[in-house]
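The values are calculated or read from the model by the stated rules, or taken from the named source; none is laboratory data. What you are looking at is a predicted structure, and each value in this text was computed from that prediction instead of being measured. For the accessible areas, the whole protein counts, side chains as well, though only heavy atoms, and no ligand, DNA or RNA atoms are used. Shrake-Rupley method; radii C 1.70, N 1.55, O 1.52, S 1.80 Å.
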Amino acid sequence: MTLKTAAIAAILFAGAIQPTFAQDASAINFGNDSGAWAKDGECDDPRFVGQGVASVTEESDRFRDATDCRALFEKGVIQLDEGADLQPPPLRVDGIQFGSDVSNWARDGECDDPRFAGNGMASPPLQLDDAYADRSDCLSLWQSGSLTYNADWRAEVSPPPTAREIDAIDFGADTSDWAMDGECDDPRFEGRGMAAEPIADDLEADASDCRYMFMTGLISLIQK
């Protein structure tokens, strides 16, 4: 075998062992470029795996690095991780916050969120922990007209904050990198509606999210 023949064979062999991705880019919702690391040449969306993915990814960058991830996906350098959630969390649909799919009963075809009622609901008793935690099932059933929404659902569990309590808090502005992403990033608060690791820089900088989460009872001010 000549050197030229060997080189050609090596190239063909290398091509043969490259991973092939059957996933279609047109079927993927890549989101937008609102992430802190968008357009830096690496994919920071934790739904993807491969050589083009950043060494450290965060949940807050899910659906927020579209340009990088699409380009690398189309090059075949990355692919969707098995079991990745293909749908972004809707912040509002008809004025309702549907949350995420963190319930133990998420994606089982029934709605386990106690804020809803109607055909397709899981058998009672429903759990308070499943509020805002069964997005895909409840959103699908809501859009099909099978469910109704109880705007006063928390009144049966605990009193909602009063207007005076809400007005007493200076929520600030929406200047955080993570503003309006469906989680409160202001470290003055605590509760199920909080981001995993709030930082001091986001103090009074995520007003819309934090106000909404406070009004719905998913966060409270940390008592000093």
Region 120-219, accessible surface, carbon-and-sulfur percent (1.4 angstrom probe): 50 percent
For region 108-224: accessible area per residue (Å², 1.4 Å): 55 Å²
Surface/4 estimate of mean projected area, convex hull on alpha-carbon atoms of region 129-224, nm²: 7.2 nm²
